[in-house]
Amino acid sequence: MSAHNDSGHAQDHAQDHAHAHGHQHGDLDWEVMAAHLVNSGELQLPVLRRTAGRLSELLGPEREVRRVLDIGSGPGVMTCVLAETFPAAETVAVDGAAALLTHTRDRAERLGVGERVAVRHAELPDGLDGALGTADLIWSSKAVHHIGDQQGVLDALAGALNPGGMLAVAEGGLPMRFLPRDIGTGRPGLQARLDAAQEYWFEIMRSELPGSTAVVEDWPAMFRRAGLTGVASFTLLLDLPAPLGEAARTFLHAQLTRLREMMSESLDEADVETLDLLLDADAPEGILRRTDAFLLSATTVHTGVRPV
């Protein structure tokens, strides 16, 4: 499971769902995926740092954070942010992709937090059987919705908290926006149709997961059912206006490439042609060159505390 990003579900479908799919089928080029996930994480760094800072505030200065788990850590961008935010803690990156854990180790060393960052190869939900130990803070982003029994995995994560410890899960939020409604080619409203295709794909993905269990995705209520108290939520915005820099354009090109691969059967021929034009590296209308591309996304984090 990857630590990256749903109408709530649609956020970052093309990267986190491909990541999860690859765990099961081994059909991904992990170096390409790692580069995309790192680029995505680094674009989100302002949000990730504000998120970690908010978690520190919620825990309060009197709470000693000695151990942090990042569940579904991907290549470790947030792992390292958490290590920087909680300097007295051991931060453990947990992921089912060994190649991404290697990137986490390398990143932690490069950023000078290598001595306080550990990695653990574990598939979810089987890896939550107690082998990971307990923690004062457990973070997970866009990983829980890849588990068939979402309530069950929240129960397990809550059970791995030390008394007074906090669970923080990024789920929900809003679909990413990056183009105007009318982009001057094809039928206006392309992004809304991409959202609909992704929602359809997401429902199929959820239904095919082992132990798939339907649940009303009321995350605060799910946290309370897991026995957590002081349940709250906050949302942070990433707002990169047009014209975009190269890193954001590269990210969007990779996103659209994956959407083209995954969703083309759900789109009509005209929309597929529009996607192909957006992916044309030489076309002025392409995402790498057009001046009206922007990046706007909202990440929602839910928190709860294990009673002392």
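A compact table of results
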item: Residues (at pLDDT below 95 and either open to solvent by less than 20 Å² (accessible area, probe 1.4 Å) or under 23 Å from S207 (Cβ atoms) (or both)) located in segment 159-188; result: G172, G173, P175
item: Selection status of P87, modelled with pLDDT of 95 or more, buried (at least 16 other Cβ atoms within 10 Å of the Cβ), out of contact with any strand residue (DSSP E or B) (no Cβ under 6 Å at 6 or more places or on another chain) and in a loop (DSSP other than H, G, I, E, B); result: no
item: In segment 17-46, the residues that are at pLDDT 50 or above, surrounded by 21 or more Cβ atoms within 10 Å (Cβ to Cβ) and in a helix (DSSP H, G or I); result: M33, A34, H36, L37, S40, G41, L43
item: Any hit, segment 207-229, residues being assigned to a strand (DSSP E or B), among the aliphatic types (A, V, I, L, M), modelled with pLDDT of 95 or more and over 18 Å from the mean Cα position of the chain (by Cα); result: no
item: Flag for A122 being under 19 Å from the mean Cα position of the chain (by Cα) and surrounded by fewer than 22 Cβ atoms within 10 Å (Cβ to Cβ); result: yes
item: Output for segment 147-158, where each listed residue is in a helix (DSSP H, G or I) and open to solvent by less than 10 Å² (accessible area, probe 1.4 Å); result: Q150, V153, L154, L157, A158
item: Out of P284, P241, P307, sole residue that is under 30 Å from V169 (Cα atoms), over 24 Å from the mean Cα position of the chain (by Cα) and not aliphatic (A, V, I, L, M); result: P307
item: Residue tally, condition surrounded by 15 or more Cβ atoms within 10 Å (Cβ to Cβ) and outside any helix (DSSP H, G or I), over segment 265-275; result: 1
item: Residue within segment 276-290 that is buried (at least 16 other Cβ atoms within 10 Å of the Cβ), more than 27 Å from V38 (Cα to Cα) and not small (G, A, S) present; result: no
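The values are calculated or read from the model by the stated rules, or taken from the named source; none is laboratory data. Source: prediction; values computed, not measured. Please note: Cβ atoms are built from the backbone with ideal geometry, for glycine as well, and neighbour counts cover all protein chains shown. Keep in mind that these areas ignore ligands, DNA and RNA; they rest on the heavy atoms of the full protein, side chains included. Shrake-Rupley method; radii C 1.70, N 1.55, O 1.52, S 1.80 Å.
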